[in-house]
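I have placed the structure first, in the form of structure tokens, so that the comments after it can refer back to it.
Each reported figure results from applying straightforward, stated rules to the coordinates on display, with no laboratory input. Keep in mind it's a predicted model, so treat the numbers as computed, not measured. All Cβ positions, even for glycine, are placed from backbone atoms using ideal geometry, and neighbour counts span all protein chains on display.
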Amino acid sequence: MLDLIIRKVNLPDGRKGFDIAIKDGAIVDVAANLKAKAKREIDATGRLASPPFVDSHFHMDTTLTYGQPRVNESGTLLEGIELWGELKPHLTVESIKARAMQFCHWAIARGTLAIRSHVDVSDDRLLAVNALLEVREEIKPYIDLQLVAFPQDGYFRYPASAANLERALDLGVDVVGGIPHFERTMAEGAASVKALCELAAERGLAVDMHCDESDDPLSRHIETLVFHTQRLGLQGRVTGSHLTSMHSMDNYYVSKLLPLMAEARVHVVANPLMNITLQGRHDTYPKRRGMTRVKELLEAGINVAFGHDGMMDPWYSLGSHDMIDVAHMGLHVGQMTGVKQMRRIFDTITYNGAKVLGLEGYGLEPGCNGDMVILQASTPQEALRLRPARLFVVRRGKVIAETPPVASRLELVNRTVEVDFRYP
Ligand code: FE2
């Protein structure tokens with residue numbers, strides 16, 4: 001007897017009317033009209049089954065602090081950093097944990113079961129590190145959580161960051177972070193990239209840096225990151241997050257950069273909600289969009305994933321941790337409205353994110369983990385258009401979240417009309 005069969009699903013690659021069978025936490029069969037029986041059967045009636053959403057870039061230590069101790073009225077990156085500085089002395093392990101757990105519940109309800117969270121190590125008490133290490137263990141049955149040691153106030157600029165970052169790694173934080181554009185000079189930024197890549201190579205860890213989160217076209221730390229990735233044999237294990245300066249770079253320079261990035265197999269994480277909100281703040285009009293060159297990066301064969309980055313925190317006052325919101329914004333900002341382009345956008349919050357995190361057993365093929373989300377939409381494109389209800393969220397063959405289908409009933413003269421926005 002199987003644990004779960006979900007019948008008549010559409011798959012992200014366009015296959016329709018397939019049944020997915022799960023036993024002992026893993027997918028054992030994906031085929032039309034399976035004869036087998038299961039303890040629980042769900043008729044998906046032609047709705048989309050997707051592997052769970054992946055958030056490749058988040059800050060779980062700052063989330064759900066909106067309004068504490070005050071609201072970021074200007075909405076700028078700098079006021080956000082100031083605000084976080086005001087809040088830091090009042091943090092406790094308990095309050096960080098409680099907020100992070102509440103956030104995880106929101107993520108599960110939205111079908112996101114893998115998250116890479118940066119955690120601030122520019123705090124000598126390492127409160128957030130200790131809190132999120134506990135959250136990582138407690139949430140493990142439901143969410144694959146990876147932590148990045150993130151020197152928010154600079155690796156060199158904040159004197160204790162280097163020691164704190166090593167302590168965080170000793171405690172079990174998974175990935176080496178960085179913020180080269182925030183160091184005092186370009187040279188210090190480049191030196192931080194070198195030092196942090198060497199540290200990762202020494203410890204056999206991955207790297208994920210906030211890199212060139214700036215509108216300055218001369219912020220070129222990605223070049224240095226790619227160079228040390230090659231030099232140290234870190235190909236496939238290094239991620240450049242944000243890379244917003246690439247939006248403003250000279251086209252000729254980018255034409256040299258893209259092949260180097262592809263050769264070093266660096267991953268790119270764009271954060272459309274935050275990039276469109278925070279970048280271009282020094283522009284009058286025209287205003288730059290600030291998001292990195294997602295379309296061109298994908299065309300160059302570079303793995304691009306999306307992150308939510310922040311939610312209800314000093315930098316971003318909106319969101320409910322819906323990765324489809326992120327993809328929806330990304331496709332608009334990146335002008336990726338072609339049919340194939342929208343399909344690739346859906347990958348940025350699913351398969352491409354799984355590559356960034358190096359997840360094992362991710363996907364909807366036999367042998368993969370029994371993890372998925374059933375959406376109230378029939379295709380990835382419709383999901384991007386409707387940002388639909390997550391009808392069922394499945395983890396290792398068990399339904400861990402359910403949301404009833406959403407429809408509006410109109411009471412008009414002499415008739416009742418149901419509207420669910422499906423097309424055709
Ligand atoms: Fe970030």
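Below 8 Å, C-alpha to C-alpha, sequence gap of six or more: please give me the relative contact order for the stretch 53-357 in percent.
Values: 633 pairs, mean separation 61.5, N = 305.
Computed value for the stretch 53-357: 20 percent relative contact order.
Within the stretch 280-313, what residues put their amide N at less than 18 Å from the label point 7 Å along the Cα-to-Cβ vector of residue 340?
Those under the cut-off are 294-304.
Given Cα pairs under 8 Å that are at least 6 residues apart, what percent is the relative contact order of the stretch 197-352? Display every interim value, and only then the final one.
Numbers: 261 pairs, mean separation 30.4, N = 156.
Across the stretch 197-352, relative contact order equals 19 percent.
Given the Cα-Cα distance of residue 94 and residue 256 and 0.36 nm per residue of separation, how much length would full extension add, in nm?
Working: separation 162, 0.36 × 162 = 58.32 nm, distance 4.80 nm.
Value of the extension gain: 53.5 nm.
Taking the simple approach of a point 7 Å from Cα along Cα-to-Cβ for both residue 124 and residue 35, what is their distance in nm?
7.1
Output the 0 to 90 degree angle, nearest 10, between the alpha-carbon long axis of helix 323-333 and the longest principal axis computed from the alpha carbons of the chain.
Its long axis makes an angle of about 70 degrees.
Show me the three semi-axes of the equivalent ellipsoid for the chain, from the C-alpha gyration tensor (sqrt of 5 times each eigenvalue), largest first, rounded to whole Å. List each step's numbers first, then the result.
Working: eigenvalues 258, 110, 103 Å².
Ellipsoid semi-axes (Å, largest first): 36, 24, 23.
Given the C-alpha atoms of the stretch 317-385, compute the convex hull and give its volume per residue in Å³. All intermediate terms of the calculation are to be shown ahead of the outcome.
Numbers: hull volume 8.2 nm³, N = 69.
Output value, Cα hull per residue: 119 Å³.
What is the antiparallel percent of DSSP beta bridges lying wholly in the chain, to the nearest 5?
The antiparallel fraction comes to roughly 40 percent.
Relative to the longest principal Cα axis of the chain, at what angle does helix 127-138 sit, 0 to 90 degrees, rounded to 10?
On a 0 to 90 degree scale, this one is about 20.
State, to one decimal in nm, how far the label point of residue 285 lies from the label point of residue 186, with both points 7 Å from Cα in the Cβ direction.
Distance between the two pseudo-spin positions: 3.3 nm.
In units of 2.2 N^0.38 Å, what is the alpha-carbon radius of gyration of the stretch 1-157?
Cα-based Rg divided by the globular estimate yields 1.38.
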